[in-house]
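**Q** Mind looking over this structure? Questions follow.
Each reported figure results from applying straightforward, stated rules to the coordinates on display, with no laboratory input. In this text the structure is predicted, and so the values were computed from the model without any measurement. Cβ placement follows ideal geometry from the backbone for every residue including glycine, while neighbour counts extend to all protein chains displayed.
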Amino acid sequence: FHTYVIDMFSDPGWEGTVEGIAVRPSNAKGAKSEFKFFRAGEKPKGPAEIIVREFAFDNVINPAGQFASLVCVLENAGGEPARNVNLRVSLPQGMQMMGSQGAAAIPVLEKKQSFQWTVISSDPSEGSAEVDITGDNFAPVSASANLAFSKKISVSPVMTGGRVYPPEPVAAKTKYLIGAYYFPGWKQGTTRGWDAIRPFPERKPVLGWYQEGEPDIASWQIKWAVEHGISFFAYDWYWDRGARSLEHALHDGYFNSMYRKYLKFCLLWANHNPKGSSSEQDLLNVTKYWIDNYFKLPEYLKIDGKPVVIIFSVDRITEDMGVAATKDAFEKMENLCRENGFDGLYLAGCAYPGMDKAKQMQEEGYDAITGYNYPAAGSVAEDGNRPPYESAISGYREIWEEIAGYKFLDYIAVADPGWDARPWAGESALVRTGKNPAKFKKMLEFARSFADKHPVGEDKSRVVLVESWNEFGEGDYIEPHREFGFGYLDAIREVFAEDQKGHIDVTPRDIGLEVKQWVEVKPMTNWEFDKDDNGEGWGPMMGLADFSVKRGVMKAAVTGGDPAFAAAANIDASKYRFAVIKMKIDKGNSAQLFWTTASSPESERNSLSFSTSSDTQFHEYLLRVGDVKSWRGEILRLRLDPNYNLPGAVIELDYIRFSEQPPPAALKQ
């Protein structure tokens, strides 16, 4: 018997009076089940229940002869502490434990505990390691992990100007134009980023929890991409009426990489902006920005001599402006490009099947239709939110063929290695089960056949897009990682590259290099901002510019419609029931604090709005977060929206504090 503790409050439907409960004990036909008890309560109940959250080498690639760290993370998901917890590890033949016999013990496990051992192998080796966990008041648990020490690679880094770089790329030859969407969400302080991915250790990149925007990280990504047949990255790019964000991967990383000449790029305008944000003038403004900053670069992707831009939300523009006005604006954008020496502007819009939609996009002046992703493609109602990846393979192909069959516009096929958005959306998220590189290869083979039959543009380019290089939060990523290594990239090379011989994947550890990682921030409950240039884990998430921490104040200017600061946290919600924020603003009268727990992401449900004063004076705002039902369990992340849709506002924060009792002097909210 096992005890399963489920946080029902993470589901928005768990409200009011529950009059009936149904349980599906298994998703397997013919399964047999026995219930010992079902209990509902405010806190977890039942005996201790140990779950092995992680058991693997910490680094994805471990060359023979180098020390490797073997990590085991245990979590107690039961209702009472686990007592006298003992671990014993056995290694495969050829591997040796350093300074330990592979044993560990702790008297009590309340929630979560990490264990670590050092392992070495003088020669390349691979095999299964086992860990057995026993104790006084829980059922014994075991887990296995495939451990591997790779063969030493005889290759040297490149030395230029006193700096060390990855070996120069050797691009795979291909007659196809293969692109990968790139999500720039992995710079510390900009999004939840790796904090959301750590509970899914199988997704850990070969580059580790890297600090995105560093040129050497971009160089490794470029090298791996072009050596497997990828021709360009389509960077997710954010603009809302002149406000830009998340540009670091492109501006700081790619533009400063010594290998940028090997990989072209284009923009995926992620225009999921507020209603009313689109206008002809804004479209002309953004086009001018593209021309001045991107289109004239030799690496920018062009089809038929036209710079390529992919529009994420076709509907946003049409709903704001209408079909006729959109058409007029697109014509003026194209003329602006011609005036600057280009043959026009190649616009591709993301869309689902629909003949009326395709016809509308033709009327508006798009050159092609494509997709960003189709997560539920091919699934049926019986699958619920766990459909198999196999049905996506045929589901995607059916979407490509249907849209191409309308014959209104060219269609660019988008392929997807899988979908599992639990890091962003919680356990209720859609998950495509059973994904792996071999199945992805089958989808790619369909995409190759489609591109052969449906080339795009006057140049008849055979284009395929992949979603994505690194969307680890949505679960559709091809960047080398722990679970499948270079498997997804190898699938692309096998399908699209002309030469399959003599390819070796080189990683930083193979040549003794390291890349910059996220800095571990000590969990805090109070942030004072007393040290210059130290946000103590807080940073601008979106819609903010000119961020600084000086003279005890964290400050930023609002540029977008939904500005937000964010920080990782580790707050016991049952203990800390009050927040005090000392803040000064010059525009707006309302702010909002969001939070993320282990079982539910930030949302309107996980938030508290409060009134503010815009008199340019500091005020203390007391938030009774403990009165909000969703303020429960462990708070893992905080997000503060200081106002809404008020570009130009200046925000200053003196401190953010959580306490067990409300300070008497604070302004009550």
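**Q** With each pseudo-label sitting 7 Å past Cα toward Cβ, what's the H272-E202 distance in nm, one decimal?
**A** Result for the modelled spin labels: 2.5 nm.
**Q** Count the DSSP beta bridges whose two residues both fall in the stretch 254-371, then state the antiparallel fraction as a percent rounded to the nearest 5.
**A** 15
**Q** Okay, next question. Quick one: if the Förster radius is 45 Å, what FRET efficiency do D530 and M98 give, using the C-beta to C-beta distance and rounding to 0.05?
**A** The calculated FRET efficiency here is 0.60.
**Q** Considering just Cα atoms, how many Å³ per residue does the convex hull of the stretch 170-294 enclose?
**A** Once divided by residue count, the hull of the stretch 170-294 is 132 Å³.
**Q** Between F37 and S128, take the C-beta separation as r, use R0 = 51 Å, and let me know the FRET efficiency to the nearest 0.05.
**A** Computed FRET efficiency for F37 and S128 comes out at 0.90.
**Q** Give the shape of the stretch 326-457 as rounded, prolate or oblate, defined through the alpha-carbon gyration tensor: a ≥ b ≥ c are the square roots of its eigenvalues, a/c under 1.5 means rounded, and otherwise the shape is prolate if a/b is larger than b/c and oblate if not.
**A** Prolate.
**Q** Oh, and also: Label points 7 Å out from Cα along the Cβ direction at K629 and T160: separation in nm?
**A** So the label points at K629 and T160 sit 5.9 nm apart.
**Q** Could you give the alpha-carbon Rg of the chain over 2.2 N^0.38 Å, rounded to two decimals?
**A** Working it through for the chain, the quotient is 1.01.
**Q** State the answer as a single residue: which of C72, P274, F658 lies farthest towards the positive end of the charge dipole of the chain, with beta carbon charges of +1 for Lys and Arg and -1 for Asp and Glu, about the Cα centre.
**A** Value: C72.
**Q** Based on alpha-carbon positions alone, could you give the equivalent ellipsoid semi-axes of the stretch 173-511 from the gyration tensor, as √(5λ), descending, whole Å?
**A** Numbers: eigenvalues 169, 110, 87 Å².
They are 29, 23, 21 Å, listed from largest to smallest.
**Q** Semi-axes of the stretch 8-149's equivalent ellipsoid from the Cα gyration tensor, sqrt of 5 times each eigenvalue, largest first, rounded to whole Å?
**A** In descending order the semi-axes read 37, 18, 14 Å.
**Q** Could you give the dipole magnitude of the stretch 526-668 about its Cα centre, charging the beta-carbon of Lys and Arg +1 and that of Asp and Glu -1, in debye to the nearest 20?
**A** 340
**Q** If you build the convex hull over the alpha carbons only and average its shadow over all orientations, what do you get for the stretch 526-668? Give it in nm² to one decimal. Kindly include the intermediate steps, with their values, before the conclusion.
**A** Working: hull surface 30.4 nm².
Answer in nm², one decimal: 7.6.
**Q** Among DSSP bridges having both ends in the chain, what percentage is antiparallel? Round to the nearest 5.
**A** So the antiparallel bridges amount to about 75 percent of the total.
**Q** To the nearest 20 Debye, how big is the dipole of the chain about its Cα centre, given +1 on the beta carbon of each Lys and Arg and -1 on that of each Asp and Glu?
**A** Roughly 880 debye, rounded to the nearest 20.
**Q** FRET efficiency for E15 and A598, Cβ-Cβ distance as r, R0 = 25 Å, nearest 0.05?
**A** Details: r = 20 Å, r/R0 = 0.80.
Calculated transfer efficiency: 0.80.
**Q** Further question on the same structure: If you place +1 on the Cβ of every Lys and Arg, -1 on the Cβ of every Asp and Glu, and leave all else neutral, what size is the dipole of the stretch 162-303 about its Cα centre, to the nearest 20 Debye?
**A** Result for the stretch 162-303 is approximately 280 debye, rounded to the nearest 20.
**Q** Show me 572-579, 216-223 ranked by packing, highest mean number of other Cβ atoms within 10 Å first.
**A** Numbers: 572-579: 17.5, 216-223: 24.9.
Ranked by mean Cβ neighbours within 10 Å, highest first: 216-223, 572-579.
**Q** Classify the stretch 399-549 as rounded, prolate or oblate from the Cα gyration tensor: take a ≥ b ≥ c as the square roots of its eigenvalues, call it rounded if a/c is under 1.5, otherwise prolate when a/b beats b/c and oblate if not. Walk me through the intermediate numbers first.
**A** Values: a/c = 2.23, a/b = 1.73, b/c = 1.29.
In terms of gyration-tensor shape, prolate.
**Q** Moving on to the next point. Given the stretch 289-399 reduced to its alpha-carbon atoms as identical point scatterers, what log10 I(q)/I(0) does the Debye formula return at q = 0.23 Å⁻¹?
**A** -1.22
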